Amino acid sequence: MNPFIDNHQPSLGEIERYAWSLLENGSRSPKEAFYTGTFGTVTESGISLRTVVLRGASPEERITICYSDERAGKVEEIRHRDAVSWLFWDEGTKVQLRLNGRATVHSGDSLTAEHWDRTTPGNRRSYLALPAPGSVQPVATSGLPEGLDSRQPTEEEGAAGRENFAVIVTKVDRLEWLWLGKGGHRRAGFRYEGNACTGASWLVP
């Protein structure tokens, strides 16, 4: 729900809770606008952006979660420079969220195992490409083993993707909320240290 509905003037605390609820809801359902977001990493030549699925969000821990093939470029970029950003937009409500933070790549640990157990056969197929993501090929290809373009992998086939599966956890240190309202836009910013909100303010849009 838009916190400004019916001329209600929300507090900064309400805005912060609303923003994190959008992230939580987005991570739970493909029908939500924030199910996908733009994820940015820092490279030697600048900023690299891509659309990813939001797999988890915790307002208590101030974290967001997405998955990746461990061989993907963003994993190497994070391991060199852990500063990352997220951008979300909901055309229906005209709400934008921007998040900045520090990311950690998990692979082969208990957190990775926990999230791997939540994946479906369709998810697991994404980690079965034989050449690494981004590899140059002579023709257009998914990189999947023969036959898997047109069907789901069996449980045994899907298990082979486990070694390429990684979980990226972003510890958010800044969140900005923006609403494009017909009667004037509204913007608010929040800063975090650890799990605590250490600053909240209204901003000129």
>> Just to be sure before I move on: is residue 24 surrounded by fewer than 18 Cβ atoms within 10 Å (Cβ to Cβ), within 17 Å of the chain's Cα centre (by Cα), assigned to a helix (DSSP H, G or I) and of a type outside the set (Gly, Ala, Ser) in the structure I sent?
In response: yes
> Are any residues in segment 124-143 over 15 Å from residue 75 (Cβ atoms) and either surrounded by fewer than 17 Cβ atoms within 10 Å (Cβ to Cβ) or of a type in the set (D, E, K, R) (or both), and if so, which ones?
Replying inline: 124, 125, 130, 131, 136, 137, 138, 139, 140, 141, 142, 143
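Yes/no matrix, rows are residues, columns are (1) of a type in the set (Gly, Ala, Ser); (2) under 27 Å from residue 193 (Cβ atoms); (3) outside any helix (DSSP H, G or I); (4) modelled with pLDDT of 95 or more:
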residue: 37; (1), (2), (3), (4): yes, yes, yes, yes
residue: 61; (1), (2), (3), (4): no, yes, yes, yes
residue: 79; (1), (2), (3), (4): no, yes, no, yes
residue: 108; (1), (2), (3), (4): yes, no, yes, no
> Identify, please: which residue in segment 82-96 is outside any strand (DSSP E or B) and touching a helix residue (DSSP H, G or I) at 6+ places or on another chain (Cβ under 9 Å) and is, among those, surrounded by the most Cβ atoms within 10 Å (Cβ to Cβ)?
Replying inline: 93
> Taking segment 110-138, which residues are part of a helix (DSSP H, G or I), of a type in the set (Ser, Thr, Tyr) and farther than 15 Å from residue 71 by Cβ?
Replying inline: 110
> Of the residues that make up segment 100-113, is at least one of a type outside the set (Asp, Glu) and within 17 Å of residue 16 (Cα to Cα)?
Replying inline: yes
> Applying the selection to segment 176-186, what residues are in contact with a Phe, Trp or Tyr (Cβ under 7 Å, 6 or more places away or on another chain) and not in a loop (DSSP other than H, G, I, E, B)?
Replying inline: 179, 186
> List the pairs whose first member sits in segment 97-112 and is surrounded by fewer than 18 Cβ atoms within 10 Å (Cβ to Cβ), whose second member is assigned to a loop (DSSP other than H, G, I, E, B) and at pLDDT 95 or above, and whose Cβ atoms are under 6 Å apart, counting only residues at least 6 apart or on separate chains?
Replying inline: 102/82; 107/70
>> Could you tell me how many of the residues in segment 146-175 are in a strand (DSSP E or B) and touching a helix residue (DSSP H, G or I) at 6+ places or on another chain (Cβ under 9 Å)?
In response: 6
> If you go through segment 140-179 one residue at a time, how many are closer than 21 Å to residue 117 by Cβ, modelled with pLDDT of 90 or more and among the charged types (D, E, K, R)?
Replying inline: 2
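The values are calculated or read from the model by the stated rules, or taken from the named source; none is laboratory data. None of these values were measured; they are calculated from a predicted model. Ideal geometry is used to build each Cβ from the backbone, glycine not excepted, and the neighbour counts take in all protein chains shown.
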